[in-house]
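Written out below as structure tokens is the structure these notes cover.
The values are calculated or read from the model by the stated rules, or taken from the named source; none is laboratory data. Small disclaimer: the values here were computed from a predicted structure and weren't measured. Glycine also receives a Cβ, built like all others from the backbone with ideal geometry; neighbour counts cover every protein chain displayed.
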Amino acid sequence: MKRIDRCQAASAAADHSSRDPVGLARYEPASATRHAVFAPMHYEPNYAYPLLIWLHGWGDSETQLRRIMPIVSMRNYVAVAPRGTVAVAGRTHPAGFGWCQDEDGVVLAGAHVADCIAQVRQRFHLATNRIFLAGYAEGGSMALRLALIEPHSFAGAASLGGAFPTGNCPLRHLDNARRLPLLLATARDSVRCSEQQAVGALRLLHAAGMSLTLRQYPGGDDLTQGMLTDLDRWIMKQVCPSCAGSLDEAGV
């Protein structure tokens, strides 16, 4: 599996796309650089696109969208990535941003996501019933948390390498959340979301009567090409079940 944050091919594709004079794929900072927007190749204004909201990992920023979209899909979605709500820096991370999982942090993250949706709706033709939340590491945990809080607002949520959220009652809207498709992608040697944590989430959601697709990959806590490819396949399966290849689903 290729490590996305270190994948030269992906970075080169993103850099080339951002300079494309024809505008086939555009990565644009918006709202004073608080979020980044991705427009699909050959954007068709008469087609209602699914919207992918991406929440970056800890110590990164909204520019992570540039690295992941060439691998997820260049055509299938309009995408937006809000910047994390807290600034982080340290010996293990360059200057960047993250997501605070306490009550105030969740409210603030939800407000940023809502603002991003409002802004991209002004610029693109979106299918408002096909809005998906996804993220990496802590951003993935926040994506699941926000979708479970307002399940009627999203068509699905995915966490790549992020643990299922705990604390602050993430299943407090369980009756409505049962209809919400979820994807949990973990690695066999992950520290952030161990195999034991993934199995625990599976059992919890099984008991709650919810829908979960659980995928496990080799390696540790890196975001991989396989995870992003499967994210695209999983979303397209929700959008058009007859058009997407099958994924191995946990029995939930």
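Some notes on this structure:
- A207 falls short on exactly one of the conditions (1) modelled with pLDDT of 90 or more; (2) of a type in the set (A, V, I, L, M); (3) part of a helix (DSSP H, G or I), and that condition is (1).
- Some residue of the stretch 195-206 being in contact (Cβ under 8 Å) with a residue 60 or more places away in the chain, over 16 Å from V80 (Cα atoms) and out of contact with any helix residue (DSSP H, G or I) (no Cβ under 6 Å at 6 or more places or on another chain): no
- Qualifying positions in the stretch 117-143 - surrounded by 24 or more Cβ atoms within 10 Å (Cβ to Cβ) and either without any contact (Cβ under 8 Å) to a residue 40 or more places away in the chain or within 15 Å of Y49 (Cβ to Cβ) (or both): F132
- Hits in the stretch 60-88 (condition: surrounded by fewer than 19 Cβ atoms within 10 Å (Cβ to Cβ), free of Cβ contacts under 8 Å to residues at least 40 places away in the same chain and not hydroxyl-bearing (S, T, Y)): R75, V86, A87, V88
- Of the residues making up the stretch 127-141, those that are assigned to a strand (DSSP E or B) and within 15 Å of G156 (Cβ to Cβ) are A127, T128, N129, R130, I131, F132, L133, A134, G135.
- For the stretch 41-75, the set of residues classified as part of a loop (DSSP other than H, G, I, E, B), hydrophobic (A, V, I, L, M, F, W, C) and farther than 19 Å from N129 by Cβ consists of M41, W58, M74, listed by residue number.
- Scanning the stretch 152-166 for residues that are polar (S, T, N, Q) and over 13 Å from the mean Cα position of the chain (by Cα) returns S153, T166.
- Failed criterion for P151 (all others in (1) in contact with a Lys or Arg (Cβ under 8 Å, 6 or more places away or on another chain); (2) modelled with pLDDT of 95 or more hold): (2)
- Check on L184, touching a residue at least 24 places away in the same chain (Cβ under 8 Å), assigned to a helix (DSSP H, G or I) and either crowded, with 20+ Cβ neighbours inside 10 Å or not charged (D, E, K, R) (or both): no
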